[in-house]
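Please treat every number below as a calculation from the coordinates, not as lab data. These figures come from a predicted structure and were not determined experimentally. Here Cβ is always computed from backbone atoms with ideal geometry, including for glycine, and neighbour counts include all displayed protein chains.
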Amino acid sequence: MKHVLFTTTALVALSGAAMADVTWSGSASLGYNDGHQAGTPDGINTDIDLDVSMSNAGGYSASITAAMEGGGSITGSDIAVTTPVATINYGEVVEAANSAYSDTDGLSGIGSDEFTASGAAILVSASAGGMTVGYSDDAAMDGGDASSFGISGAVGGVSFGVGSKGDDWGISASGSAMGGTISVASEEVGGAAATGASITLPLGDMSLTVSAADVNDFWGASVSTSMAGATVSAGTDSTEDSQFSLATAIAGGFNLAVDWDTSDGSAVGLTYSLSDSATLSVSYYEDLPGTDDGPQTSGTEAKISFNF
């Protein structure tokens, strides 16, 4: 990571001062893909991300993230501008409804945390008096079907969120109970109303989470714990979707991660730190026939990654 001081017209316009602190950082990777990531060509691939952050003592800052894949041109960029009054994000954003409203397991939820509309989107949020209000839309900002609203905050130790997008809306709240955390949510998505609840309780070295929703009599349960230096979690629900994951350090300085999901597939990965800023990783993913595996297919990927 490199820190420099620039005096430019652009920074003066941003900060209202003659000097700003500029930080450059980023990452780069070189890998070999054999069917592991759908949409990524088999063979050698590259991925480069560059982050530039600018700030001054007046409470104003801006950051730019640009990505370049396969040695081609820049394929996308995200811009964030923070002022004492509001924060503006442009590019890929978390929709305002999604950032404010928190659904529980078994509910549909509202909006996406990777929203780009037809190419780029915008999120504007402002905080005051312990409350945060947000609005997101596509780049045209015409208030059409892509626009969403959200408001969140905390009152008397209870956190709450309200979100809406088009005719969809949701209300959620969470707080401490019985030594753990309880969350409730109510939503109407696609004309269908639903309510859910979830509670997480510590049981010694183990954490237990139980969820239920009035959608097809949904229920779900999961546990997580740490033992012998390993983190283990497992869960199942009424849709017969079961999951298991394990992460641990093994001999020789390697780290092992294992994931298994009956609705997705299984994956195993090994990582090794070559230095503080370089990592070598090898992973294998097995697609399960007849499952919704998202962006992946069966295959192997080997990659060396650098941060700077």
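Can you give the alpha-carbon Rg of segment 99-151 over 2.2 N^0.38 Å, where N counts its residues? Working shown, then result.
On the way: Rg = 12.2 Å, N = 53, 2.2 N^0.38 = 9.9 Å.
Cα Rg divided by the expected 2.2 N^0.38 Å: 1.22.
Alpha carbon centre of segment 219-268 versus segment 109-169: separation in Å?
Comparing the Cα centres of segment 219-268 and segment 109-169, I get a distance of 32 Å.
So what's the Cα pair-distance distribution over segment 198-308, bin width 10 Å, in %?
13, 32, 33, 19, 3, 0
Over all directions, average the projected area of the Cα convex hull of segment 123-245 and note it in nm².
Approximately 10.6 nm², given one-decimal rounding.
Whole-Hz Karplus ³J(HN,Hα) for segment 228-245, in order, using 6.51 cos²θ - 1.76 cosθ + 1.60 and θ = phi - 60°, x for Gly and Pro?
Once θ is set to phi - 60°, the couplings for segment 228-245 become 6, x, 10, 9, 10, 9, 8, x, 8, 8, 5, 8, 6, 9, 10, 9, 8, 9 Hz.
Find the relative contact order for the chain and round it to a whole percent, using C-alpha pairs within less than 8 Å whose residues are 6+ positions apart.
Over the chain, the number comes to 13 percent.
Spelling out what I want: for every residue of segment 258-263, take phi, set θ = phi - 60°, compute 6.51 cos²θ - 1.76 cosθ + 1.60 (Karplus), and round to whole Hz; glycine and proline get x.
10, 10, 9, 8, 5, 9
Hey, what number do you get for the chain at 222 nm if only DSSP H runs of n ≥ 4 count, each worth -39500 (n - 2.57), divided across all residues, to the nearest 500?
-1000 deg cm²/dmol
About its Cα centre, how strong a charge dipole does the chain have in debye, to the nearest 20, once Lys and Arg get +1 and Asp and Glu get -1 at the Cβ?
Numbers: 3 positive and 37 negative charges, 280 e Å.
Taking the Cα centre of the chain as origin, the dipole is about 1340 debye.
Counting only residues 5 or more places away or on other chains, whose amide H sits under 5 Å from the amide H of ASP287 once H atoms are built in the peptide plane?
SER298, GLY299
Take the alpha-carbon positions of the chain, form their convex hull, and give its projected area averaged over all directions (one quarter of the hull surface) in nm².
The orientation-averaged projected area of the Cα hull of the chain comes to 19.7 nm².
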